[in-house]
Amino acid sequence: MSAQRWPAPAADYRFTLKVDVEPAVVVDTTSRGTSLFIPIVGGTVTGEEITAEILPGGGDWANDLSSGEFVVRAKYHLRTDDGAMIAVDNVGVWHERADGTPYFVTTPRFDAPAGRYDWMNRGVFVGMAIERNPRHIEIDVYSLTGE
Amino acid sequence: MTAAPPAFEWLAHVRVDVGEPQDLGSDISGGRRVVPILGGTVTGGWTGRILAGGADWQTVLEDGSVRIDARYPVHLDGVGPVLFRVRGARPSNAATDTFCTTLLVDGAVGTALGRAAYATVGSKVPGRIEYDVFEIR
């Protein structure tokens with residue numbers, strides 16, 4: 001049974017995370033790469049269903065692998081404009097493609113309170129990310145559904 | 001919007017054999033349980049087999065939907081042993097509806113596998129989960 005059984009998922013744009021960071025701190029360097037900590041100091045979330053600020057105090061634990069890719073895990077909190085606190089756990093991968101363009105895709109997971117943002121708990125999300133500059137990353141978040 | 005929307009390219013078909021869930025009580029997130037992963041196969045553009053020892057550490061939410069958080073070793077032909085990290089959700093444990101997850105592959109340093117993120121679409125019957133793997137481009 002090696003054939004494809006299901007069509008590709010549908011991806012629906014939901015919101016954008018705009019994350020402000022400070023320069024990375026080097027944690028350790030080995031032959032396999034360098035582990036880094038990148039402080040997350042603020043930012044905003046914009047979308048039809050959510051408007052929020054990114055709270056300082058989170059961070060991105062990143063591994064700069066000697067094979068050329070970065071594997072990143074960011075944990076931080078959002079506070080919505082109606083006072084809900086949402087935890088973000090976003091794991092992803094970055095590399096430079098052969099044509100020089102960046103590949104930067106993440107798999108965010110959210111913990112939201114019951115009520116208006118409960119859909120964030122049970123959705124399956126993909127983040128399409130761009131590093132605007134060394135201090136700012138923007139991630140368009142899509143929800144995935146299958147047929 | 002800033003970056004391009006995701007596109008998906010089919011890569012492989014996976015069958016996962018799972019055991020009975022072990023109840024772990026509950027914590028602040030909801031009911032917790034662990035489902036042992038017993039084995040399985042990978043076919044298509046990737047080929048290989050799922051090794052025993054992995055598990056899906058699930059959270060059951062108040063409405064019965066299940067948050068999936070699985071890690072399981074896979075031996076891929078031409079690559080060797082890797083770790084599949086799967087996160088997702090499905091409506092309930094009993095549902096046979098199609099559901100999606102995301103997949104990251106650890107341990108494939110230096111190969112194309114570890115440089116990308118993947119989405120899966122699949123469904124569950126008792127004792128088995130099947131899904132298609134799509135590279136997110």
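Worth a mention:
- Some residue of segment A:38-46 being touching a helix residue (DSSP H, G or I) at 6+ places or on another chain (Cβ under 7 Å) and either under 19 Å from A:Ala129 (Cβ atoms) or assigned to a strand (DSSP E or B) (or both): no
- Qualifying residue in segment A:75-84 (condition: in a loop (DSSP other than H, G, I, E, B) and either within 14 Å of another protein chain (Cβ to nearest Cβ) or in contact with a strand residue (DSSP E or B) (Cβ under 6 Å, 6 or more places away or on another chain) (or both)): no
- Qualifying residue in segment B:24-43 (condition: touching a residue at least 24 places away in the same chain (Cβ under 8 Å) and touching a His at 6+ places or on another chain (Cβ under 8 Å)): yes
- Among the residues making up segment A:1-37, those that are surrounded by fewer than 16 Cβ atoms within 10 Å (Cβ to Cβ), under 30 Å from A:Gly146 (Cα atoms) and within 21 Å of the chain's Cα centre (by Cα) are A:Ala10, A:Asp12, A:Tyr13.
- Hits in segment B:79-136 - residues which are in a strand (DSSP E or B), facing another protein chain (nearest Cβ under 9 Å) and β-branched (Val, Ile, Thr): B:Thr101, B:Thr102, B:Thr120, B:Val121, B:Ile136
- Just one of the listed residues (A:Asp60, A:Asp28) is more than 24 Å from A:Tyr103 (Cβ to Cβ) and not hydroxyl-bearing (Ser, Thr, Tyr), namely A:Asp28.
- Candidate set from segment A:38-54 (those that are touching a Phe, Trp or Tyr at 6+ places or on another chain (Cβ under 7 Å) and surrounded by fewer than 19 Cβ atoms within 10 Å (Cβ to Cβ)); member that is nearest to A:Asp28 (Cα to Cα): A:Thr46
- Single residue of segment A:121-147 satisfying the filter (more than 19 Å from B:Thr120 (Cβ to Cβ) and facing another protein chain (nearest Cβ under 7 Å)) that is surrounded by the most Cβ atoms within 10 Å (Cβ to Cβ): A:Ala129
- Count of segment A:109-120 residues, restricted to those that are hydrophobic (A, V, I, L, M, F, W, C) and facing chain B (nearest Cβ under 7 Å), is 0.
- When segment B:54-90 is limited to residues that are farther than 13 Å from A:Asn121 by Cβ and more than 14 Å from the chain's Cα centre (by Cα), the one that is surrounded by the fewest Cβ atoms within 10 Å (Cβ to Cβ) turns out to be B:Gly78.
- All of A:Asp118, A:Asp99, A:Asp81 fail the test of being charged (D, E, K, R), surrounded by fewer than 21 Cβ atoms within 10 Å (Cβ to Cβ) and under 23 Å from B:Ile136 (Cβ atoms), apart from A:Asp99.
- Conditions (1) within 14 Å of chain A (Cβ to nearest Cβ); (2) at pLDDT 95 or above; (3) surrounded by fewer than 18 Cβ atoms within 10 Å (Cβ to Cβ): number failed by B:Leu51: (1)
- The condition (being outside any loop (DSSP other than H, G, I, E, B) and within 12 Å of chain B (Cβ to nearest Cβ)) is satisfied by just one residue among A:Arg14, A:Arg5: A:Arg14.
- Filter pass, A:Val93 being modelled with pLDDT of 95 or more and more than 10 Å from chain B (Cβ to nearest Cβ): no
- Screening A:Leu78, A:Leu55 for residues that are closer than 20 Å to A:Pro108 by Cβ, touching a His at 6+ places or on another chain (Cβ under 6 Å) and of a type outside the set (Asp, Glu) leaves exactly one candidate, A:Leu55.
- Selected residue [of a type outside the set (Ser, Thr, Tyr) and free of Cβ contacts under 8 Å to residues at least 12 places away in the same chain] from A:Asp28, A:Asp60: A:Asp28
The values are calculated or read from the model by the stated rules, or taken from the named source; none is laboratory data. Being a predicted model, the structure only gives us computed values, none of them experimental. Backbone-built Cβ (ideal geometry, glycine too); neighbour counts: all protein chains shown.
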